[in-house]
Amino acid sequence: MTIITVNAPTGRLRLEQRRELAETLTDAVLVPEVGQPAPAARVGFQVHFVERERDMMAIGGRLLSDADRELDVMVIDIAVMDAAWQPDVRARVIERVLAALAAACGLEKPSPTWWVNFRVIDEGSWGSTGGVLSVLPLLDSGVFTEERAKAVRAALGV
């Protein structure tokens, strides 16, 4: 299970951009997580777009609505199941997410006022389908490459 939440000023992302980001943000996390673009794993990924009025966001102590210039502020929160999230894998995910945002927004590079939070939810702390979920049964589902499954098992000590 992975949840990607994109917080942006109201109207910042058009419908076409959200459609593109729904796919590219999923891929930005899915591929490093499982080691391959596994179609069967896609159902475990959600992307949420949250719009906030410019007077409900601030940067540098000033509301965006009061800023002298148009600031391009976004916060992307990524919540993932506990697995093998070494610093290099986290960095790859963050870079891929920022690149996907830049591409969808027609920019050469990401804005310095776009922030990404990467959060790992402890094993036993996800819930769905009436109970607690674990990444462990997913390791034998075929969506993880053998290399990633071994890394996850090692990271979780199983």
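The values are calculated or read from the model by the stated rules, or taken from the named source; none is laboratory data. Note that the coordinates shown come from a computational prediction; the quantities given were computed from them, not determined experimentally. Every residue, glycine as well, gets a Cβ built from its backbone with ideal geometry; the counts of neighbours run over all protein chains shown. Protein only, heavy atoms only, side chains kept; ligands, DNA and RNA dropped before computing areas. Shrake-Rupley method; radii C 1.70, N 1.55, O 1.52, S 1.80 Å.
With respect to the stated conditions, K109 fails to be surrounded by 13 or more Cβ atoms within 10 Å (Cβ to Cβ) and either without any contact (Cβ under 8 Å) to a residue 60 or more places away in the chain or part of a helix (DSSP H, G or I) (or both).
Determine if segment 65-82 includes at least one residue that is farther than 22 Å from P110 by Cα and not charged (D, E, K, R). Looking for residues that are farther than 22 Å from P110 by Cα and not charged (D, E, K, R), one finds at least one in segment 65-82, hence yes.
Scan segment 52-71 and tell me whether some residue there is more than 29 Å from R12 (Cβ to Cβ) and either more than 20 Å from the chain's Cα centre (by Cα) or at pLDDT below 90 (or both). No: zero hits. Out of T24, T2, one residue alone is touching a residue at least 60 places away in the same chain (Cβ under 8 Å) and touching a Ser or Thr at 6+ places or on another chain (Cβ under 9 Å). It is T2. What are the residues in segment 93-106 that are touching a residue at least 40 places away in the same chain (Cβ under 8 Å) and either farther than 19 Å from I3 by Cα or of a type outside the set (D, E, K, R) (or both), if any? Matches in segment 93-106: V93, V97, A99, A100, L101, A103, A104, C105. Consider L15 carefully, then state whether it is under 18 Å from S111 (Cα atoms), modelled with pLDDT of 90 or more and out of contact with any Gly (no Cβ under 9 Å at 6 or more places or on another chain). For L15, the condition - under 18 Å from S111 (Cα atoms), modelled with pLDDT of 90 or more and out of contact with any Gly (no Cβ under 9 Å at 6 or more places or on another chain) - is not met.
Output yes when any residue across segment 74-92 is in a helix (DSSP H, G or I), β-branched (V, I, T), without any contact (Cβ under 8 Å) to a residue 60 or more places away in the chain and open to solvent by less than 20 Å² (accessible area, probe 1.4 Å), and no when none is. Yes, segment 74-92 contains at least one residue that is in a helix (DSSP H, G or I), β-branched (V, I, T), without any contact (Cβ under 8 Å) to a residue 60 or more places away in the chain and open to solvent by less than 20 Å² (accessible area, probe 1.4 Å). For A40, the criteria (1) aliphatic (A, V, I, L, M); (2) part of a loop (DSSP other than H, G, I, E, B); (3) surrounded by fewer than 17 Cβ atoms within 10 Å (Cβ to Cβ) hold in every case but one, which is (2). Screening the candidates W126, W114 for the property of being farther than 15 Å from A28 by Cβ and touching a strand residue (DSSP E or B) at 6+ places or on another chain (Cβ under 6 Å) yields one hit, W126.
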